[in-house]
Each structure stands twice: as C-alpha cells, then as structure tokens.
Amino acid sequence: MGELILGIETSCDETAAALVRGGTEVLSSAVQSQVDVHRRFGGVVPEIASRHHIANIVPVVLQAVDAAGASLRDIEVVAVTNRPGLVGALLVGVSLAKGLAYALRRPLVAVNHLHAHVYANFLAHPHIELPAVCLVVSGGHTSLAYMPAHGVFEVMGETRDDAAGEAFDKVARFLGLGYPGGPAIEEAARGGAPGRYRLPRVLLDPQEYEFSFSGLKTATVNLWRRLQSEGTASVNDLAAEFQAALVDVLVEKTVHAARHTGVRTVLLAGGVAANSRLREALAERAAASGLQLFYPPLSLCTDNAAMVAACAHHLYLRGETAGLDVNAHPAVKTL
Ligand code: KG4
Ligand code: ZN
C-alpha cells in the first residue's frame with residue numbers, strides 16, 4: 001500500500017485525471033479528449049484548448065475520484081503537469097491542483113510532461129531495470145535521454161526543427177489524410193508499400209543524437225507534387241515510405257545511443273510510441289542488439305494523468321514537492 005496520488009494533466013488537448021497508488025496501481029484514469037474540437041482546424045488551437053480545459057477539469061477530476069471508489073479526502077498527494085506545454089492549458093491544471101492541495105492540506109508535486117510519458121512504461125512494467133535510454137516522441141517533442149535512476153534524465157539529443165508527431169501531423173494534413181496525423185498515416189501506410197518511392201533518412205551526424213524532420217517533410221511534399229503531375233501518385237505508398245523513413249531514423253539513433261551508453265534497457269514513450277511500425281522495427285533491432293525494449297500499452301502512449309501520478313511518486317519519495325507559488329512553463333528545453 002503506497003500513497004494515493006491524484007494526477008492532473010492539461011498540457012495540450014487532453015483534460016485528464018487519475019488516481020494511482022504507490023506509483024504503479026492505477027485505480028482510475030479519466031481522459032477527456034478535445035480531438036474532435038480541434039479537428040476542423042487541423043491542429044490544436046491554444047485558446048480553444050484552454051477554454052475546454054476550464055470547462056472540463058473539475059468534472060474529469062471528480063470522475064476519476066468516483067471511478068476509484070474514493071473521496072477527495074482520501075487523496076494524499078496532488079500531482080500536476082506544469083511543463084512543457086501550451087501555457088494557457090497548463091495553467092488550468094496547475095491552478096486547480098494548487099487549490100486542491102491547499103484545501104486538502106496535501107503536498108503538491110509538479111511534473112515534467114516528458115518525464116511523465118516515460119513513466120507510462122513503469123505502470124505497465126513495474127520492474128524495469130535502470131539505467132535506460134529513453135526515446136520520447138510526441139506531438140511537441142523528440143528527445144533521446146539517458147536515465148541513470150528514477151526521476152533523472154540526461155538529454156542526449158532533441159529535434160532541431162519539427163517533432164516526430166508534428167511531422168506526421170503536417171504531412172497528413174498536406175496529403176488530406178485527416179487529424180491527428182499519426183494514426184491517419186499509419187492507416188494509409190497499411191495499404192501501401194514502403195520502398196516504392198524513396199525518401200531521405202536524415203541522420204545528420206550519425207554519431208550525434210540530434211534529429212531533423214523538416215527536410216523529410218519538404219521532400220515528401222515535393223515528391224507528392226511531382227507524382228501528381230505525372231499522374232502516378234499513390235497516397236498509400238507515399239504514407240508507407242514517409243513512415244518508414246521517419247521510423248528508420250528514430251530506430252537507428254536509439255539503438256546507437258543504447259550501445260554508446262552501455263545500457264541494456266530501452267524505453268519508448270509519447271504519442272508516436274503508439275505507431276506499430278515504430279514498435280516493431282525498434283523491437284526487432286533491440287532484440288538483435290541484446291537490448292530489452294519496453295513500450296506502454298496504447299491507452300498510456302497518448303496524454304493521460306496516470307503517467308503523471310506515476311512520475312510524481314518518485315519525486316514525492318525524494319521530497320521534491322512544489323510550493324503553492326509554482327508556475328507553468330511552456331518550453332523546457334531539457335527532458
Ligand atoms: O503525447 P501526445 O498525446 O501529445 C503530446 O504530448 O504532444 O502525442 C500526440 C502525437 C500527435 O502528433 C499524433 O499524431 C501522434 O502523437 N500519434 C501517432 C500515432 N498516434 C498518435 N504518431 C504515429 N503513429 C501513431 N499511431
Ligand atoms: Zn504528451
């Protein structure tokens with residue numbers, strides 16, 4: 001029986017709350033997605049996201065408390081994502097978390113959203129051995145980090161331009177495949193063959209861990225225009241090649257980082273970790289290199305609050321609580 005943590009997540013377009021005991025036992029996880037609201041804009045509109053969070057946050061928290069068969073008084077720690085993300089969206093969760101922590105006289109823990117994504121792995125696999133190399137791939141971030149111990153992340157590389165999920169979203173939008181782009185491209189790619197068209201694998205310096213996806217995006221757009229003018233365009237084949245090119249780069253850098261640091265464990269996380277080609281390709285390369293790969297179940301890949309509570313557990317154990325003057329931070333360069 002560990003402590004009961006309420007996790008709150010409002011960094012982008014999901015309003016989420018969860019009750020997690022001892023960092024691993026998920027008693028409830030409520031997620032109110034705004035994906036249908038933002039679909040017609042082809043991306044998340046920050047002010048609209050904030051307004052939906054403010055309307056939904058209290059009902060979502062109460063839903064999580066009810067679903068766990070608990071009452072607010074049972075909560076022992078209040079945890080909230082306070083960075084990075086859309087600042088107006090983060091402020092909604094941070095404000096409510098402060099109010100609850102104050103009213104309930106409970107400690108408050110402020111969580112980095114990217115660290116939380118990694119902790120989705122520990123919910124599904126509590127006995128993962130550290131150190132590990134973590135690949136966090138989401139709509140806003142692409143980060144490779146060395147994780148020597150719980151709650152400690154040393155950034156090895158990030159993206160210089162577009163995040164992996166952002167590249168999926170932008171290319172899907174250009175190809176008219178819908179929003180969010182990751183699942184739409186994965187679906188289209190299922191009906192196509194990678195390799196029929198050829199797109200670049202942009203490794204930059206293969207010894208380094210920085211990523212760049214804007215060149216791949218531009219190459220995809222240019223190729224599509226040329227194919228259309230030639231009358232030979234297959235959106236399925238192009239989606240398959242785009243997905244393969246992006247996945248190849250992620251896999252190559254991650255396996256290289258694991259070898260370089262000498263770890264045996266690789267943790268995949270973030271919304272793009274839902275991609276089945278990425279999961280399969282990384283699993284194959286990891287196995288061939290004697291590495292153990294973990295990724296979260298699909299429901300925990302995209303934004304949720306159970307991962308926030310799981311991450312907060314380790315901060316709380318170390319006494320890393322936040323004051324009631326804690327703020328929201330839109331951009332944190334470091335993982
Ligand atoms: O982690 P997440 O829910 O939100 C952020 O923190 O950004 O990630 C959302 C991103 C979007 O860009 C979405 O297109 C991508 O994850 N995504 C996928 C898949 N499912 C979601 N990308 C590739 N394949 C998928 N199956
Ligand atoms: Zn996320």
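Condition check ((1) assigned by TED's automatic domain parsing to the domain that holds His53; (2) part of a helix (DSSP H, G or I); (3) in contact with a strand residue (DSSP E or B) (Cβ under 7 Å, 6 or more places away or on another chain)) across all residues:
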position: Leu282; (1), (2), (3): no, yes, yes
position: Ala287; (1), (2), (3): no, yes, no
position: Gly290; (1), (2), (3): no, no, no
position: Ala309; (1), (2), (3): yes, yes, yes
position: Ala312; (1), (2), (3): yes, yes, yes
position: Val326; (1), (2), (3): no, no, yes
position: Val332; (1), (2), (3): no, no, yes
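Restricting Ala189, Ala184 to residues that are more than 27 Å from Val78 (Cβ to Cβ), among the small types (Gly, Ala, Ser) and either free of Cβ contacts under 8 Å to residues at least 40 places away in the same chain or surrounded by fewer than 20 Cβ atoms within 10 Å (Cβ to Cβ) (or both) narrows the list to Ala184. Name the single residue that is nearest to ligand 1 (Cβ to nearest atom) among those in region 241-278 being free of Cβ contacts under 8 Å to residues at least 60 places away in the same chain and over 22 Å from the mean Cα position of the chain (by Cα). Restricting to residues being free of Cβ contacts under 8 Å to residues at least 60 places away in the same chain and over 22 Å from the mean Cα position of the chain (by Cα), the top hit is Glu241. Here is the figure for region 220-234: residues that are in contact (Cβ under 8 Å) with a residue 24 or more places away in the chain and either on the phi > 0 side of the Ramachandran plot or not in a helix (DSSP H, G or I) (or both) total 1. Restricting region 156-181 to residues that are of a type in the set (Gly, Ala, Ser) and within 16 Å of ligand 2 (Cβ to nearest atom), the residue that is surrounded by the most Cβ atoms within 10 Å (Cβ to Cβ) is Ala164. Phe153 meets each of the listed conditions (1) within 16 Å of ligand 2 (Cβ to nearest atom); (2) surrounded by 24 or more Cβ atoms within 10 Å (Cβ to Cβ) apart from (2). Among the residues of region 1-60, those that are within 15 Å of ligand 1 (Cβ to nearest atom), acidic (Asp, Glu) and modelled with pLDDT of 95 or more comprise Glu9, Glu14.
A residue that is touching a Gly at 6+ places or on another chain (Cβ under 7 Å), in the same structural domain as Thr10 (by TED's automatic domain parsing) and under 19 Å from Tyr102 (Cα atoms) occurs somewhere in region 49-59. Being within 14 Å of ligand 1 (Cβ to nearest atom) and surrounded by 17 or more Cβ atoms within 10 Å (Cβ to Cβ) is true of Ala281.
Every residue, every condition in (1) more than 16 Å from ligand 2 (Cβ to nearest atom); (2) surrounded by fewer than 17 Cβ atoms within 10 Å (Cβ to Cβ), yes or no:
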residue	(1), (2)
Leu6	yes, no
Thr10	no, no
Glu25	yes, yes
Ala30	yes, no
Arg51	yes, yes
Leu62	yes, yes
Ile75	yes, no
Asn82	no, no
Gly85	no, no
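For Gln34, the conditions (1) more than 16 Å from ligand 2 (Cβ to nearest atom); (2) free of Cβ contacts under 8 Å to residues at least 24 places away in the same chain are fulfilled apart from (1). Within region 237-272, the residues that satisfy the criterion of being in contact with a strand residue (DSSP E or B) (Cβ under 6 Å, 6 or more places away or on another chain) and among the aliphatic types (A, V, I, L, M) are Ala257, Ala258, Val263, Val266, Leu267, Leu268, Ala269, Val272. For region 134-159, filtering for residues that are of a type outside the set (Phe, Trp, Tyr) and out of contact with any Phe, Trp or Tyr (no Cβ under 6 Å at 6 or more places or on another chain) leaves 16.
Listed here are the residues, each with its yes/no results for (1) over 23 Å from Ala120 (Cα atoms); (2) in a helix (DSSP H, G or I).
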position	(1), (2)
Gly23	no, no
Val31	no, no
Asp36	yes, yes
Gly43	yes, no
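Is it the case that region 214-226 has a residue that's within 20 Å of the chain's Cα centre (by Cα) and of a type in the set (A, V, I, L, M, F, W, C)? Checked region 214-226: no residue is within 20 Å of the chain's Cα centre (by Cα) and of a type in the set (A, V, I, L, M, F, W, C).
Does Val118 satisfy being under 28 Å from Phe294 (Cα atoms), away from ligand 2 (no atom under 16 Å from the Cβ) and among the aliphatic types (A, V, I, L, M)? Spell out how you get there, then give the answer.
Values: under 28 Å from Phe294 (Cα atoms): yes; away from ligand 2 (no atom under 16 Å from the Cβ): no; among the aliphatic types (A, V, I, L, M): yes.
It is false that Val118 is under 28 Å from Phe294 (Cα atoms), away from ligand 2 (no atom under 16 Å from the Cβ) and among the aliphatic types (A, V, I, L, M).
The values are calculated or read from the model by the stated rules, or taken from the named source; none is laboratory data. In this text the structure is predicted, and so the values were computed from the model without any measurement. As a convention, Cβ positions derive from the backbone with ideal geometry for all residues, glycine included, and neighbour counts pool all protein chains shown.
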